[in-house]
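Every read-out reported here was derived from the displayed coordinates using simple, explicitly stated rules and does not represent laboratory data. In this text, all values refer to a predicted model and were calculated from it rather than measured experimentally. Ideal geometry is used to build each Cβ from the backbone, glycine not excepted, and the neighbour counts take in all protein chains shown.
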């Protein structure tokens, strides 16, 4: 057997889950193919959500960003499963493995059902799914648009799965990135009834229901989309774990569903809400919390050792939170769940 035809065994500790990966195949792709739920976010070497420790074996990394995996981290045995290809059998350590909860990933056509501008640069897009197709996902997961040139754009579902019973389809929150061909289209030429192709669900960002720990939800910008789905899911399931949402934006208008959150807080005694603004102008009349949203959590919690944190948004926010909450507030790393929203600029930057 030539090396090009080699198949390697990948084992994940401490769960003992094992699966095979082909030579030249990323470990994460092999895990998804095998139904083994390793943590991941962008699948593109940009966010670091899939980082885990290699206990034994040899891998080679494809292109990735140093902010996702530094040379020092790689030398210390850390790997990015989304772009690490095995050169031998490999044993990894990952404490966030899920398996029973993987839903089938499918490609399907969708129709734009509605477009509603929620702020100057956020569009709420509702997609109608094929009538004959059951699309199952976890609150917090995402889908990818498959563009005509084969490029992909990932967006989280902002509605929990149970909401499809009364309003079939999925809700997305799309931020306009001027010059980005897809979001320029969404904010310019996209019309209701347009047909698009999507694939999903993807992502390991969903509620761990086997825990009763209190929850910190951390969102920046449209990172609120999957957080909204989590809140809907908590409410639907009757889960009343003490939960506090920190939502950050540059200006108050960036908290584009603030009224929705306020309404949930009024009806859910277990939910608190801390909006945080970093660049308010005098004319905004902002009297609430200011600064960086991940810092507000540090200011409010002396100890996070008994909590779970679900963080979503800009990679700098997610990574700052991941590092600080573990190092300074005792949060166990395996209790930090994240989905970093990487733009095309994030993926191809330095």
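Computed values, structure above
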| item | result |
| --- | --- |
| Mean residue ellipticity (222 nm) of the chain, computed from DSSP H runs ≥ 4 via -39,500 (n - 2.57), nearest 500 | -6000 deg cm²/dmol |
| Fewest-first sequence of 157, 190 by Cβ atoms within 10 Å of each Cβ | 190, 157 |
| Within region 145-165: backbone nitrogen closer than 18 Å to the residue 239 label point (7 Å, Cα to C-beta) | 157-164 |
| Per residue Cα convex hull volume in Å³ - calculated over region 215-348 | 116 |
| Residue order, fewest to most beta carbons within 10 Å, for 335, 267 | 267, 335 |
| Kirkwood Rh, Cα atoms: Rg over Rh of region 3-93 | 0.92 |
| Coordinate range along principal axes, alpha carbons of region 90-192, Å, largest first | 47, 35, 27 |
| Coarse-grained scattering of region 19-60 at q = 0.32, 0.34 Å⁻¹, given as base-10 log I(q)/I(0) from a Debye sum over alpha-carbon atoms | -1.32, -1.31 |
| Fewest-first ranking of 6, 220, 94, using other Cβ atoms within 10 Å as the exposure measure | 6, 94, 220 |
